[in-house]
Amino acid sequence: MNLLVVGGGGREHAISKKLLESNEVENVYCAPGNDGMRLDGIQLVAISETDKAGLIDFAKKAVIDFVIVGPEIPLLDYDEAKAYLDKRGVPIVIKADGLAAGKGVTVALEMEEAVLALKDMLLEEKFGDASLKVVIEDFLAGEEFSLMAFVNGEEVYPMAIAQDHKRAYEGDKGPNTGGMGAYSPVPHISEAVVEEAVQTILRPAAKRMVD
């Protein structure tokens with residue numbers, strides 16, 4: 001049999017080496033692999049693990065019987081995310097689904113920026129495991145504020161709200177960040193809005209945590 005292992009790390013090295021021990025295996029290829037694999041008789045293929053078309057073409061030419069995919073990235077459905085993006089259009093918000101220290105959000109006003117965000121997260125592993133999946137949300141214009149509270153059972157004691165500067169440059173023109181400074185109080189957000197947030201979000205959340 002001819003086998004193809006996709007990936008280039010220690011995991012893929014171990015898998016490839018073990019496969020070569022079988023008497024039923026003639027060739028083990030690894031794409032893209034790493035130089036250390038050559039010492040164990042593993043044949044390297046200079047194709048990126050995210051180059052699906054290239055991998056398929058090689059598999060056909062080399063008469064590959066089975067393909068073993070090591071890393072998670074090649075299994076992601078980038079094409080599906082791109083198709084959804086094309087359907088929804090911009091402006092749009094693209095978020096890494098995991099923790100990215102406040103930097104995993106792109107507020108894309110142009111399609112080029114949105115596509116680049118998808119590629120960075122899903123294909124280039126910009127935020128590592130945090131961007132193995134993405135969340136695509138509608139763009140909402142308006143004021144943002146942070147509302148935290150002390151909670152004791154179902155009792156909620158709200159703190160004063162704060163607002164931070166998300167965009168890197170003046171006039172909200174730069175990329176989104178984890179926050180470029182914050183201030184409190186926020187007088188242009190009314191008490192009625194804050195109270196609505198307390199009643200519709202904080203108090204129900206506290207009750208559910210107790211439940």
Filter the stretch 107-136 down to residues that are open to solvent by 30 Å² or more (accessible area, probe 1.4 Å) and under 19 Å from Asp164 (Cα atoms), then give me how many there are. 0
Test Glu80 against the criterion of being under 24 Å from Gly179 (Cβ atoms), open to solvent by 90 Å² or more (accessible area, probe 1.4 Å) and free of Cβ contacts under 8 Å to residues at least 40 places away in the same chain, and give yes or no. no
Selected residue (only one of Phe145, Phe150, Phe139 is open to solvent by 90 Å² or more (accessible area, probe 1.4 Å), under 30 Å from Gln199 (Cβ atoms) and in contact with a strand residue (DSSP E or B) (Cβ under 7 Å, 6 or more places away or on another chain)): Phe150
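Residues are listed down the side, and each one gets a yes or a no for (1) over 25 Å from Lys95 (Cα atoms); (2) touching a residue at least 60 places away in the same chain (Cβ under 8 Å); (3) out of contact with any Lys or Arg (no Cβ under 7 Å at 6 or more places or on another chain); (4) of a type outside the set (Gly, Ala, Ser):
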| residue | (1), (2), (3), (4) |
| --- | --- |
| Leu147 | no, no, yes, yes |
| Gly174 | no, no, no, no |
| Gly178 | no, yes, no, no |
| Val186 | yes, no, yes, yes |
| Ser190 | yes, no, yes, no |
| Val193 | yes, no, yes, yes |
| Ala205 | no, no, yes, no |
| Val210 | yes, no, yes, yes |
Out of all the residues in the stretch 20-40, is one or more part of a strand (DSSP E or B) and open to solvent by 60 Å² or more (accessible area, probe 1.4 Å)? no
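The values are calculated or read from the model by the stated rules, or taken from the named source; none is laboratory data. What you see is a predicted model; the values in this text were computed from it and never measured. Please note: Cβ atoms are built from the backbone with ideal geometry, for glycine as well, and neighbour counts cover all protein chains shown. Ligands, DNA and RNA are stripped out before the accessible areas are found, and what is left, the full protein with its side chains, is counted by its heavy atoms. Shrake-Rupley method; radii C 1.70, N 1.55, O 1.52, S 1.80 Å.
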